[in-house]
Ligand SMILES: Cc1ncc(COP(=O)(O)O)c(C=O)c1O
C-alpha cells in the first residue's frame, strides 16, 4: 500500500543531499573533534563551519549558536538558565506551548525557586499581548517569558517582535520556541528582541537528535552538562558531528528553496481547506488558519460520530498518516491540550494535517475522499 504522509510537523523525511553531506562523517571522518591530530582537526573544522552556516542563515553570531540534541533539550536549557543564571523568579508562558516547555515550567513551578502563570489567549488561539503587558507590569520580581513562535498543533504564529518589545520594556528575559519556524521562515535573530531561540533538524528534512539553542550575546549563562567542556563549555560530551553537519546542510537547502517551497506548501494547505469545505459538512478549522498561521499546518475539527471517533485509527488503516496533536512517546491518545485550551466544543474530533514539499494535490484528493467515507 502506498502511504500518504501528512504529519510533517512531527518530523520530516531526511533529504538525500543531507544524508550525502553526513555520510563522510559516519565513515572516513571518524575522529574525535577534540583530538589535536588531523582526524580531530578536520571534524572540529566541520563543526565550526556548520555553526557559521547556521549563524549566517539566522543572522546571529556563531558564538550565539550551541548545538544540542534537539528542540526539547534546547527548551530545557533556556528555562533552566533563566532560573539558575539570570535570576528569573516568575515565568509567564501559555497553556498551548509544546510539552518541552510546558512540562519543564510545571517541574520548576513545583520547586520553591519560581512561580508561574499563563498568559490569556484570544478566541482564535493567539496570545493576548495586552495581558502579557499587564502581567509583566504587575510583577516586582524578574520575569522569564516563554512563548512559542509557531504552535505545532494549530499553526498560530506569534508576533515575536511585539512580544519581545513588551518583555524589553519590563527587563524580562524572552525565550521563543522556534522549532516549527526555523528552516521554514526567514529568521533574523539580530533584529528580534529575543534572548533564547530553539531549533530541531528533523523538522526541515535534517536528521533527528540534533538541534540548536540560540543564546543572545548580551546574556551570560552557565554550563548545563559538565565534563570535557565541549560547545564552548556549555554542553560537554563528544559532539554529534554528522548530526551537526546534517543540521547545517538541511538548513542551507531549506533556506535556498524557502520562497518556492513555502508558496507550494501554502497552496496545498489552501487546496485542502477548499476541498474539505466542499465535501465534508460541518467541518471546522482550528486556530487562525487563514491568517497568521504556519503554511505547513492545518488543524481540522470533524463532527463527532461513532465512526469519526476512530478517525486516526481508520486513516492509519488506509495508509494515511496524520495526528491528533503533537507526537507523544507513549503513543496513547490523551487528546490535545492545545485544542482543550482553545475549544468551546468537546463534540469534535480534531486532526492535524501537516504538509511538506513532497506532498501533492492528488494525495489531498485521496485523503478527502477517504474522509468522506469515514465521517
Ligand atoms: C514546537 C516544538 N517544540 C519542541 C519540540 C521538540 O523537539 P525535539 O523532538 O527535537 O526534541 C517540537 C517537536 O515536536 C515542537 O514541535
74, 262 arranged by Cβ crowding within 10 Å, fewest neighbours leading: 262, 74
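Can you tell me, using C-alpha contacts under 8 Å and at least 6 residues apart, the relative contact order of the chain as a whole percent?
On the way: 708 pairs, mean separation 86.6, N = 375.
RCO, the chain: 23 percent.
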Principal axis box of the range 1-158, alpha-carbon based, largest edge first, Å: 57, 49, 30
Largest-first principal axis extents of the Cα set of the range 137-259 (Å): 47, 41, 25
Gaussian network model of the chain, springs between alpha carbon atoms under 10 Å - residue of 25, 295, 271 with greatest fluctuation: 271
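Treat the count of other C-beta atoms within 10 Å as a stand-in for reagent exposure and order 176, 94, 301 from fewest to most.
Values: 176 27, 94 24, 301 18.
Taking fewest neighbouring Cβ atoms as first place, the list is 301, 94, 176.
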Highest-MSF residue in the chain out of 35, 308, 116 [GNM, Cα springs under 10 Å]: 35
With 10 Å bins from 0: P(r) over the chain, alpha-carbon pairs, percent: 5, 24, 31, 25, 13, 3, 0
Gaussian network model of the chain, Cα within-10 Å springs - most flexible of 37, 161, 242: 37
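Rule-based calculations on the coordinates, nothing more; no lab input. Since we're looking at a predicted model, the values are computed, not measured. Cβ atoms come from the backbone with ideal geometry, glycine included; neighbour counts cover every protein chain shown.
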